[in-house]
Ligand SMILES: [Mg+2]
């Protein structure tokens, strides 16, 4: 991106996580899992319910091994359920509004997305954004935290797991919006201002009970946001504030 006002642009780039921030993954993933596998437990007639999903670890909610949960998620990525995820309410409007702010500071704004989806999903991801955000230039950065091509890529490059915090620093993003508490904590440690996305307060997996032992509240540079109106309000206020300096 070419800076129009280099003194400001460095500090205003915002990055978005994709799943359950921009694209609504949870309900489709659980619907698909219940169709094929359900829950090995006896509760809820063998169904795994999204409302029971209280940590980021799917295997706990699905009552299966961690390896099996990863295998299922990789299988899910090959389905039409995944290809046809709906946007999170308000997400698309927010993306266009953010692009309009970035246009003031960059000649050719390019919105970064940072995702733990594996790189093998790239074509589907590109098509999804082309469909829902035509006219918005974007780049998808893959953190490959969990999935099979992560370890493979790690074996080839000698690097293990890309932290979202490090990725933000690398691409000069000062802010991230992510629904994963652990990723927000990682970004926070790297000095990235993080908005913990919790759609209408419904995301059981990112509540404070999942904070590391000894931590009682969110660090100062993480704020919980419940919808995209809040994301945009906080972002535009932040840009206004730093552009005064
Ligand atoms: Mg997410």
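The values are calculated or read from the model by the stated rules, or taken from the named source; none is laboratory data. These numbers come from a predicted model, not from an experiment. Here the Cβ positions follow ideal geometry from the backbone for every residue, glycine too, while neighbour counts run over all protein chains shown.
Can you confirm whether residue 55 is under 16 Å from the mean Cα position of the chain (by Cα), within 28 Å of residue 142 (Cβ to Cβ) and at pLDDT below 90? Criteria met by residue 55. Of all residues in segment 17-36, those being surrounded by fewer than 22 Cβ atoms within 10 Å (Cβ to Cβ) and within 11 Å of the ligand (Cβ to nearest atom) number 4.
So is residue 199 free of Cβ contacts under 8 Å to residues at least 40 places away in the same chain, farther than 19 Å from residue 12 by Cβ and surrounded by 13 or more Cβ atoms within 10 Å (Cβ to Cβ) or not?
Spelling it out, it is not the case that residue 199 is free of Cβ contacts under 8 Å to residues at least 40 places away in the same chain, farther than 19 Å from residue 12 by Cβ and surrounded by 13 or more Cβ atoms within 10 Å (Cβ to Cβ).
Yes or no, residue by residue, for (1) out of contact with any strand residue (DSSP E or B) (no Cβ under 9 Å at 6 or more places or on another chain); (2) assigned by TED's automatic domain parsing to the domain that holds residue 34; (3) in contact (Cβ under 8 Å) with a residue 24 or more places away in the chain; (4) more than 15 Å from the ligand (Cβ to nearest atom):
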position: 76; (1), (2), (3), (4): yes, yes, yes, no
position: 97; (1), (2), (3), (4): yes, no, yes, yes
position: 113; (1), (2), (3), (4): no, no, yes, no
position: 118; (1), (2), (3), (4): no, no, yes, no
position: 122; (1), (2), (3), (4): no, no, no, yes
